[in-house]
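Asker: The following block contains the structure, expressed as structure tokens.
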Amino acid sequence: MLNIHKPGLLTTVQDPGRFGFQKYGVIVSGAMDSFALRIANVLVGNDENEAALEITLLGPEIEFTADALVSLCGGDLSPRVNGKSIRMWRPVFIEQGSVLSFGAANQGIRTYLAVAGGINVPPSLGSKSTYLRATLGGYCGRPLKTGDHVKVSSPGCLAKSLIKHLSQTLADGYAEADWAVSNMFSFPSSDRLAIRVIKGRHFDLFTLESKAAFFNEPFVITPQSDRMGYRLKGPDLGLGHPEEMLSEAVCYGTIQVPPGGQPIILLADRPATGGYPKIAEIASVDFPAIAQAKPGDHLFFELISAKQAQLLLLQKEAMLRQVKQGIQLKFREVKIDDESGFEL
Amino acid sequence: MEYSIQPLGDHAAIIELAKDPSPEVLNTISMVASALDAISPEWMIEYVPAFTTISVFYRPEKLPRAEPASPYDMVCSYLHSMLHNIKADSPSPPRVVEIPVCYGGKFGPDLPFVASYNGISEEEVVQIHSNGEYLVYMLGFAPGFPYIWGMPKVIAAPRKDSPRQQIPERSIGIAGQQTGIYSIKTPGGWRLIGRTPVDLFVPEKSPPTLLKPGDKIKFKAIGHDEYLEMRRLNHAEHS
């Protein structure tokens with residue numbers, strides 16, 4: 001079990017999302033950075049779609065009431081166990097009674113804590129993701145609070161073997177694996193981000209000046225930004241002829257422009273439908289970059305074709321498959337060692 | 001069937017079936033939804049019907065590779081062949097859902113405003129609202145929240161200048177020429193005229209919503225006692 005000593009700024013249970021219910025007006029929710037979530041799960045032997053804790057900017061303080069295998073992926077919020085810095089993107093064994101805490105946000109703003117076995121909360125409409133406004137899913141449908149006890153399911157046999165293996169090098173209440181996922185998944189720590197987009201459905205309805213400004217000028221993420229969306233500040237964008245739009249489906253990464261002229265990027269907690277003109281859609285391959293961006297960051301939008309965006313997405317999925325195979329190989333090596341140990 | 005397909009980002013396709021909403025378009029959209037349910041391809045995540053469109057979300061990596069065709073090209077060809085096979089049969093008769101409403105009082109604090117704004121009595125507002133013929137166009141904004149078409153113009157009223165922080169679930173509101181039912185607690189600026197004892201969103205049920213696109217709605221005025229009795233029965237059923 002995880003005892004929450006301090007909840008942090010916004011710590012919620014999230015899996016990749018609640019799919020299949022948008023037609024009923026139920027939003028997707030889910031991890032802001034699903035890619036980091038998936039790798040975090042794979043690193044502890046979980047199904048990649050298992051739920052983890054999404055930790056935002058100021059991390060929580062969590063006591064482990066039982067031995068656990070964990071991993072932290074996503075933004076670097078200076079994780080520590082019993083006061084000692086631990087490394088991310090790798091399995092870490094945490095001994096019963098140890099305390100996980102966080103420090104400064106070095107890079108990115110959201111980190112995922114996956115625990116072998118998964119966060120044990122009842123799924124609601126097929127998902128463990130927290131839908132805050134409807135108090136649905138997650139831990140009682142809300143962010144974690146001081147004094148909460150979050151249950152963890154029992155780890156699988158591969159994770160158990162790794163726990164056994166790592167416990168041999170235990171010191172100060174934890175033990176890190178000596179291998180990690182390559183840092184090819186880290187993102188630039190710059191506050192100037194190039195974000196690839198494809199044309200939105202209503203791109204051609206915008207004025208020439210708006211279309212030029214969208215790609216030539218930076219847009220700053222304002223503090224009025226959350227899991228639902230980021231409000232941007234930049235040159236005013238407008239339609240050539242004002243038009244009443246009918247509500248229709250929107251996506252993670254849809255950039256819509258309300259009549260005020262300042263764009264909004266829709267994210268994990270977006271509504272299922274929206275009625276503002278869509279100037280662009282962020283390419284899936286850059287979802288992690290936008291999920292880890294923070295207020296004050298400057299975004300530079302780069303146009304790519306839908307075809308290119310899909311090619312990049314397929315390449316990234318292929319890379320993830322390779323990483324998964326690599327991790328599973330590591331797990332099996334440990335398991336074989338473990339079993340041959342029994343024979344001796 | 002006339003339609004166009006466009007990409008919506010790199011993992012969805014939007015099928016547009018008309019420029020303006022109408023009961024006919026609504027019927028076509030539900031036929032497309034049924035067809036998608038029937039074939040339910042492995043690459044499809046879900047679909048989202050709206051006023052004149054239906055969007056299909058998919059996983060590009062789940063589609064068979066067929067260079068130089070992109071996953072989007074593949075989805076389009078699947079959708080084209082599916083859409084060509086849909087027969088424009090006569091619309092099935094709509095389901096009529098009766099929604100009891102306790103109008104006015106603490107449940108409808110804006111009923112006096114709606115009445116005076118339109119220069120009629122509160123009783124007339126209730127009478128007109130509960131005698132209207134309504135059609136559910138789509139669900140959205142919140143779980144189970146119906147976009148309803150068909151409210152008589154004579155009881156239209158503008159939104160509040162500053163929205164209420166919290167509107168109780170099951171409140172019936174008016175905004176411009178639209179009427180709607182708040183399915184969950186949410187901030188909102190609609191003028192509240194009453195409340196229904198019936199839940200619009202119950203996540204434990206399948207489907208989780210009371211209404212679906214294409215439903216006809218009849219509002220029925222009920223008294224406060226009847227409201228409380230229905231709530232009591234509702235609680236008993238769920239616990």
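What follows draws every value from the coordinates through simple rules; no lab data is involved. All values derive from a computational prediction rather than experimental measurement. Cβ placement follows ideal geometry from the backbone for every residue including glycine, while neighbour counts extend to all protein chains displayed.
Asker: Note down the relative contact order for chain A as a percent, whole number, built from C-alpha pairs under 8 angstrom at least six residues apart. Write down the numbers at each step before the final one.
Answerer: Details: 843 pairs, mean separation 64.5, N = 344.
Computed value for chain A: 19 percent relative contact order.
Asker: Right, here's the next one. Dipole of the protein assembly as shown, Cα-centred, from +1 at each Lys and Arg C-beta and -1 at each Asp and Glu C-beta, to the nearest 20 debye?
Answerer: Numbers: 56 positive and 62 negative charges, 105 e Å.
It works out to roughly 500 debye.
Asker: While we're looking at this one, here's another question. Quick one: longest stretch of chain B between exposed loop GluC sites (Glu not before Pro), exposed meaning at most 10 other C-beta atoms within 10 Å and loop per DSSP? Each step should come with its number before you reach the end.
Answerer: Working: sites that count: B:Glu2, B:Glu42, B:Glu204.
Counting at most 10 other Cβ atoms within 10 Å as exposed, the longest clean stretch of chain B is B:43-203.
Asker: Taking θ = phi - 60°, what integer Hz values does the Karplus form 6.51 cos²θ - 1.76 cosθ + 1.60 yield along the stretch A:243-260, in sequence order, with x for Gly and Pro?
Answerer: Working through the residues one at a time gives 9, 7, 9, 8, 4, 8, 4, 10, 10, 4, x, 5, 9, 10, 10, x, x, x Hz.
Asker: Report the local net charge at A:Leu299: Lys and Arg +1, Asp and Glu -1, summed over other residues whose C-beta lies under 13 Å from its C-beta.
Answerer: Working: positive: A:Arg192, A:Arg196, A:Arg231, A:Lys233, A:Lys294; negative: A:Asp191, A:Glu217, A:Asp286, A:Asp297, A:Glu302.
Spelling it out: positives minus negatives among the neighbours equals 0.
Asker: Under Stokes-Einstein, with the Kirkwood radius over Cα pairs standing in for Rh, what whole-number D in µm²/s applies to chain A at 25 °C and 0.890 mPa s? All intermediate terms of the calculation are to be shown ahead of the outcome.
Answerer: Working: Rh = 21.0 Å.
Taking Rh from Cα pairs, D becomes 117 µm²/s.
Asker: Could you name the lysines whose alpha carbon sits less than 20 Å from that of A:Lys199, not counting residues in the same chain fewer than 8 places away?
Answerer: Once the sequence-local lysines are set aside, what remains near A:Lys199 is A:Lys211, A:Lys233, A:Lys278, A:Lys307.
Asker: Could you tell me what fraction of 2.2 N^0.38 Å the Cα radius of gyration of the stretch B:115-239 comes to, as a two-decimal ratio?
Answerer: On the way: Rg = 14.5 Å, N = 125, 2.2 N^0.38 = 13.8 Å.
Against the compact-globule rule of thumb, the ratio is 1.05.
Asker: Send over the Kirkwood Rh of the stretch A:192-304, from the inverse of the averaged 1/r over different Cα pairs, rounded to one decimal Å. Intermediate values should be presented prior to the final figure.
Answerer: Working: mean 1/r = 0.0728 Å⁻¹.
Over the stretch A:192-304, the inverse of the mean reciprocal pair distance is 13.7 Å.
Asker: With a sphere of radius 14 Å drawn around the Cβ of A:Arg80, what net charge do the other residues whose Cβ falls strictly inside it have (Lys, Arg +1; Asp, Glu -1)?
Answerer: Working: positive: A:Lys6, A:Lys84, A:Arg87; negative: A:Glu61, A:Glu63, A:Asp76, A:Asp172, A:Glu176.
Taking every other residue near A:Arg80 into account, the sum is -2.
Asker: Also, quick follow-up: Quick one: B:Leu26, A:Leu9, A:Leu239, fewest Cβ neighbours within 10 Å first, how do they rank?
Answerer: Numbers: B:Leu26 24, A:Leu9 12, A:Leu239 17.
The fewest-first ordering by Cβ neighbours comes to A:Leu9, A:Leu239, B:Leu26.
Asker: Any chance you could list P(r) for chain B, counting all Cα-Cα pairs in 10 angstrom bins from zero, rounded to whole %?
Answerer: It works out to 7, 28, 29, 20, 12, 3, 1, in whole percents.
Asker: Let me ask something else about it. Tally Lys and Arg at +1 and Asp and Glu at -1 over the other residues with C-beta under 12 Å from the C-beta of A:His5: what net charge comes out? Provide the component values of the computation, followed by the final result.
Answerer: On the way: positive: A:Lys6, A:Lys145; negative: A:Glu61, A:Glu63, A:Asp148.
Summing Lys and Arg as +1 and Asp and Glu as -1 gives -1.
Asker: Output the antiparallel fraction of DSSP beta bridges having both residues in the stretch B:4-84, as a percent to the nearest 5.
Answerer: Details: 15 of 15 bridges.
Percent antiparallel among DSSP bridges in the stretch B:4-84 is about 100.
Asker: Related question: If we count other beta carbons within 10 Å of each Cβ, what is the order of A:Arg133, A:Arg332, fewest first?
Answerer: On the way: A:Arg133 17, A:Arg332 12.
Neighbour counts put them in this order, fewest first: A:Arg332, A:Arg133.
Asker: Return, for the Cα atoms of the protein assembly as shown, the radius of gyration and Dmax in Å, separated by a comma.
Answerer: 25.8, 93
Asker: Mind checking which lysines have their C-alpha under 21 Å from A:Lys84, skipping anything on the same chain fewer than 8 residues away?
Answerer: A:Lys6
Asker: Let me ask another. For the stretch A:44-132, compute the orientation-averaged projected area of the C-alpha convex hull (one quarter of its surface), in nm². Write out the running numbers ahead of the final one.
Answerer: Working: hull surface 23.7 nm².
Orientation-averaged projected area of the Cα hull: 5.9 nm².
Asker: How long are the semi-axes of the ellipsoid equivalent to the stretch B:4-84, from square roots of 5 times the Cα gyration tensor eigenvalues, in whole Å, largest first?
Answerer: Numbers: eigenvalues 102, 31, 22 Å².
One finds semi-axes of 23, 13, 11 Å for the stretch B:4-84.
Asker: I've got another one for you. Can you spot the lysines whose alpha carbon is less than 16 Å from B:Lys87's alpha carbon? Ignore those fewer than 8 places along the same chain.
Answerer: none
Asker: Counting other beta carbons within 10 Å of each Cβ, put B:Ser70, A:Ser98 in order, fewest first.
Answerer: Sorted ascending by nearby Cβ count, the order is A:Ser98, B:Ser70.
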